[in-house]
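The structure appears below as C-alpha cells.
The values are calculated or read from the model by the stated rules, or taken from the named source; none is laboratory data. Remember, it's a predicted structure, so these values are computed and weren't measured experimentally. All Cβ positions, glycine included, derive from the backbone under ideal geometry; neighbour counts span all protein chains shown.
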Amino acid sequence: MSFQAFEQAITSPALKRVAQHWNNVRGSRLMPGWSDISPSRISGQLSIIWSYRYDRVADAFTGRLAGDQIERMFGKNIRGAPMSALYPAEEFPRLFARSKRVVCEPALYRGEGMVFKHVDHYGHGERIIMPLAEDGALGDGILGATVYQSFMGAGPIGLPEIESWFAL
C-alpha cells in the first residue's frame, strides 16, 4: 500500500485536504514533523484536527492540540492531558494500540463508522491518523482529523468503526 491508496480511500474532502498537506510537507522524508505542519494551509480544517505527542521512553501519548469540533467531542481541551485520562478505561487500550501502531510502525489509518461515543453522545463519520517525526524517520507523534455527525441517544447508532491500514 502507499499514500496514494490511503488518499483514495478517504471520502471526506476535508480529510483529503489534511492528508494532502501532510504528504506535501513531508517531501522526500518518510514522515513530516509537527513543525512542518502549516495551519494557514489547512485553515479550513483546523476545527477537525487533533494531535498527540508520543514519548517512547514513557510509552505514552500527551495531547498537543484539538480543534473546536474535537474539543466538543471530549468536552474539554486535550492540550497537555495524558491520552489515558481522556478516554474511558475500557476503550483506552484499543485507542492506545491504534495510535501506537501509527507512530511506531509507522502506518496510515482510516476509520469509518462510529468514531466516538461519550456518555450519551455519539458521532458517526470518518477519521484519519498519520505519524509525525521531527527527524523525518522516528515517530514522535500523530496528526489526526475527524469528521462526524453528532447525535444523542440511549445507545450507539450505526456501525462500529471499520479500520483500514496503509503502510508507508
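Which of the residues spanning region 39-62 are in a strand (DSSP E or B) and within 22 Å of ALA14 (Cα to Cα)?
ILE49, TRP50, SER51, TYR52
Scanning region 132-166 for residues that are part of a loop (DSSP other than H, G, I, E, B), among the acidic types (Asp, Glu) and under 17 Å from the mean Cα position of the chain (by Cα), which turns out modelled with the highest pLDDT?
Selected residue: ASP140.
Would you pick out the residues in region 44-65 that are at pLDDT below 95 and more than 11 Å from LEU143 (Cβ to Cβ)?
Correct list: SER47, ILE48.
Which of (1) out of contact with any strand residue (DSSP E or B) (no Cβ under 8 Å at 6 or more places or on another chain); (2) surrounded by 12 or more Cβ atoms within 10 Å (Cβ to Cβ) does SER43 not meet, given it meets every other one?
(2)
Here's a check for you: in region 10-27, which residue that is of a type in the set (A, V, I, L, M, F, W, C) and part of a helix (DSSP H, G or I) is farthest from GLY44 (Cα to Cα)?
So, considering only residues that are of a type in the set (A, V, I, L, M, F, W, C) and part of a helix (DSSP H, G or I), the one farthest from GLY44 (Cα to Cα) is VAL25.
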